[in-house]
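The values are calculated or read from the model by the stated rules, or taken from the named source; none is laboratory data. Please read all numbers here as calculations on a predicted model, not as lab measurements. Every residue, glycine among them, receives a Cβ derived from its backbone with ideal geometry; neighbour counts consider all protein chains shown. Ligands, DNA and RNA are stripped out before the accessible areas are found, and what is left, the full protein with its side chains, is counted by its heavy atoms. Shrake-Rupley method; radii C 1.70, N 1.55, O 1.52, S 1.80 Å.
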There are 2 protein chains.
Amino acid sequence: MIKRVAFAAVSIAVLAGTAALAQQQPPAPNPAQILAAAPKSHWRTVDPERTLYMDLDRGRVIIELAPAFAPNHMENLKTLVKERYFDELSIIRSQDNYVVQWGDPQEGENDAKPIGTAKAALPAEFSRKSADGVVWTPIPDRDTYAEQVGMADGFPAARDPKTGEIWLAHCYGAVGVARSTGADTGSGVQLYAVNGQAPRHLDRNMTVIGRVLVGMDILASLPRGTGAMGFYSMEGQRTPIARVRFASELPEAQRIPLEVLRTDNETFAQVTELRRNRKDAFFQVPAGGVDVCNLNLPMKGG
Amino acid sequence: MIKRVAFAAVSIAVLAGTAALAQQQPPAPNPAQILAAAPKSHWRTVDPERTLYMDLDRGRVIIELAPAFAPNHMENLKTLVKERYFDELSIIRSQDNYVVQWGDPQEGENDAKPIGTAKAALPAEFSRKSADGVVWTPIPDRDTYAEQVGMADGFPAARDPKTGEIWLAHCYGAVGVARSTGADTGSGVQLYAVNGQAPRHLDRNMTVIGRVLVGMDILASLPRGTGAMGFYSMEGQRTPIARVRFASELPEAQRIPLEVLRTDNETFAQVTELRRNRKDAFFQVPAGGVDVCNLNLPMKGG
């Protein structure tokens with residue numbers, strides 16, 4: 001019924017459903033076939049120790065944290081989560097084509113929720129000095145904001161080849177640490193997720209702490225706040241957070257198993273090449289390149 | 001109250017509210033000041049003859065059409081709107097981080113809504129042979145998908161300097177013509193708007209017919225469809241379209257006056273430069289460039 005009007009989506013699943021016109025023998029495998037044929041070693045299980053579940057009435061948001069890029073913020077976040085700081089707080093901001101933000105709307109006020117033993121401010125972790133200790137897979141594609149881009153530990157990232165400095169990129173779904181004007185004023189008590197076109201000018205200006213693996217659709221479809229910068233101006237507009245837990249805090253049977261494609265292998269190289277130059281009959285002109293924020297790393301589960 | 005946690009947004013209005021630290025005398029004007037000082041000739045009134053109002057129960061979506069890029073599709077759209085084809089149809093698709101799509105869910109079926117005197121299919125209008133007759137303002141910023149990018153008649157666009165070919169870019173809010181596998185199978189009876197990271201691989205593969213000027217927040221916050229490719233699988237999930245009208249069809253007093261910044265002037269150059277290298281005290285590291293999809297052309301009204 002929808003055939004006439006559906007056009008091919010970015011997702012692997014969809015490409016799989018659109019048989020490539022066989023113009024050669026044998027036909028080139030499509031991304032879904034490539035992924036299905038990938039050995040188990042090309043995938044990694046997402047570590048429950050660095051996976052957050054944020055439960056809203058609309059469903060669960062799953063965030064993978066990037067401790068290599070924000071170790072101190074991750075430590076503080078652990079304290080906050082284990083002391084149940086986020087439970088019964090709420091989504092306080094939804095600005096169209098920018099960010100969704102959550103935490104305590106009263107933060108900084110006299111009636112703010114106590115942050116327990118967590119720290120109220122931390123030195124910025126905007127970038128790392130080098131990619132040492134990180135699984136860094138550069139891609140050759142041109143980027144507006146950086147000399148080099150690629151995937152770092154499974155997160156879209158950018159690097160300065162001259163200095164070696166590397167940082168996580170503000171792509172759709174990136175989770176960052178809100179702060180005030182001073183670079184060292186963030187702590188993790190308020191976090192945000194990018195809900196639109198990548199605001200890459202925030203790169204190296206904000207501590208990026210991870211990315212949403214599951215449930216970005218929930219966050220992105222929240223009604224936009226009508227206050228300044230998309231903050232909800234009235235309490236009733238905010239979406240309550242039932243609880244935030246590390247996956248590792250839940251009994252194993254209650255965890256959601258997730259696997260993400262590793263980037264240091266031929267499978268990643270092949271599906272990335274098919275993002276650059278799609279073999280699907282739908283496409284007349286190949287893009288010839290792919291934005292690091294359009295890689296959408298393949299995932300299983302969730 | 002929100003000071004501690006609010007971080008600077010992209011919008012001119014927000015930048016205006018954040019006083020730049022005066023490090024020189026006199027302090028450089030901020031974007032809001034530049035825009036306020038711009039002569040009237042740097043703005044253009046959006047032409048009611050190429051402005052569509054799509055009324056949903058959640059509010060009005062205003063689309064500016066780009067006849068220079070899709071003249072035949074615009075003609076067909078005129079016929080469809082004037083014969084009230086879209087009235088009482090609905091939003092039929094909302095795929096996270098891709099597109100929202102509207103039209104007749106039964107299109108192509110026996111029980112499809114008749115399209116009157118409109119055409120059911122048109123030759124593709126994916127690009128123009130040259131920028132002749134278009135207000136083309138290239139920007140020097142690097143782009144992943146094209147050798148040159150800029151604004152064409154006020155729409156984000158890309159150009160091949162070797163051939164002169166020019167096309168509209170699939171940025172957030174871009175409105176395109178849905179089609180089937182064949183390039184010449186679209187007509188405008190189903191349209192889509194980009195609701196996430198720019199799917200620039202669609203450039204030169206789809207007819208882009210305009211962009212959403214007002215109400216993208218409404219479209220982007222629609223619940224995601226649970227069917228394949230984000231189509232709504234049940235009738236009750238679809239958002240009804242009350243009516244679609246050209247602004248020129250309404251009495252003048254009922255039109256919404258909108259002005260968009262022209263791009264062939266110093267005001268545009270200045271605010272674009274402040275997108276590349278923000279002077280706001282919030283930013284530690286200047287981006288040094290701006291993605292054509294992050295230009296967000298300043299607008300008044302709406």
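B:A131 passes every criterion in (1) free of Cβ contacts under 8 Å to residues at least 60 places away in the same chain; (2) within 12 Å of another protein chain (Cβ to nearest Cβ); (3) crowded, with 18+ Cβ neighbours inside 10 Å apart from (2). Residue count for the range A:138-155, restricted to those that are open to solvent by less than 20 Å² (accessible area, probe 1.4 Å) and either within 12 Å of another protein chain (Cβ to nearest Cβ) or in a strand (DSSP E or B) (or both): 10. The set of residues in the range A:183-200 being at negative phi and not aliphatic (A, V, I, L, M) consists of A:D184, A:T185, A:G186, A:S187, A:Q190, A:Y192, A:N195, A:G196, A:Q197, A:P199, A:R200. Among all residues of the range A:26-48, there is none that is within 13 Å of chain B (Cβ to nearest Cβ), hydrophobic (A, V, I, L, M, F, W, C) and closer than 22 Å to A:A247 by Cα. Taking the criterion of being within 13 Å of A:G196 (Cβ to Cβ) and outside any loop (DSSP other than H, G, I, E, B), the residues of the range B:175-212 that qualify are B:A193, B:V194, B:V212.
B:P257 falls short of the stated requirement of being surrounded by fewer than 19 Cβ atoms within 10 Å (Cβ to Cβ), within 21 Å of B:L89 (Cβ to Cβ) and in contact (Cβ under 8 Å) with a residue 12 or more places away in the chain. Scanning the range B:118-130 for residues that are part of a loop (DSSP other than H, G, I, E, B) and either touching a Pro at 6+ places or on another chain (Cβ under 9 Å) or not hydrophobic (A, V, I, L, M, F, W, C) (or both) gives B:K119, B:P123, B:E125, B:S127, B:K129, B:S130.
List the number of the failed condition for A:L15; all other conditions in (1) surrounded by fewer than 19 Cβ atoms within 10 Å (Cβ to Cβ); (2) modelled with pLDDT under 95; (3) within 14 Å of another protein chain (Cβ to nearest Cβ) hold. Condition (1) is where A:L15 drops out. Right, A:L122: touching a strand residue (DSSP E or B) at 6+ places or on another chain (Cβ under 9 Å) and surrounded by 21 or more Cβ atoms within 10 Å (Cβ to Cβ) or not? No, not satisfied.
Can you tell me which residue in the range A:94-105 is modelled with the highest pLDDT, limited to those that are more than 7 Å from every other protein chain (Cβ to nearest Cβ) and part of a loop (DSSP other than H, G, I, E, B)? Selected residue: A:D104.
Against the definition (within 14 Å of chain B (Cβ to nearest Cβ), touching a residue at least 24 places away in the same chain (Cβ under 8 Å) and under 23 Å from A:D184 (Cα atoms)), how does A:E109 come out, yes or no? Criteria not met by A:E109.
Against the list (1) in a loop (DSSP other than H, G, I, E, B); (2) crowded, with 20+ Cβ neighbours inside 10 Å; (3) within 12 Å of chain A (Cβ to nearest Cβ), the condition B:R275 fails is (1).
Looking across the range A:213-239, just one residue is facing chain B (nearest Cβ under 10 Å) and assigned to a strand (DSSP E or B), and that is A:F231.
With respect to the numbered conditions (1) buried (at least 24 other Cβ atoms within 10 Å of the Cβ); (2) at positive phi, which one is the sole condition not fulfilled by B:G215? Answer for B:G215: the failing condition is (1). Report yes if some residue within the range B:84-93 is on the phi < 0 side of the Ramachandran plot and either modelled with pLDDT under 95 or assigned to a helix (DSSP H, G or I) (or both); otherwise report no. No, the range B:84-93 has no match at all.
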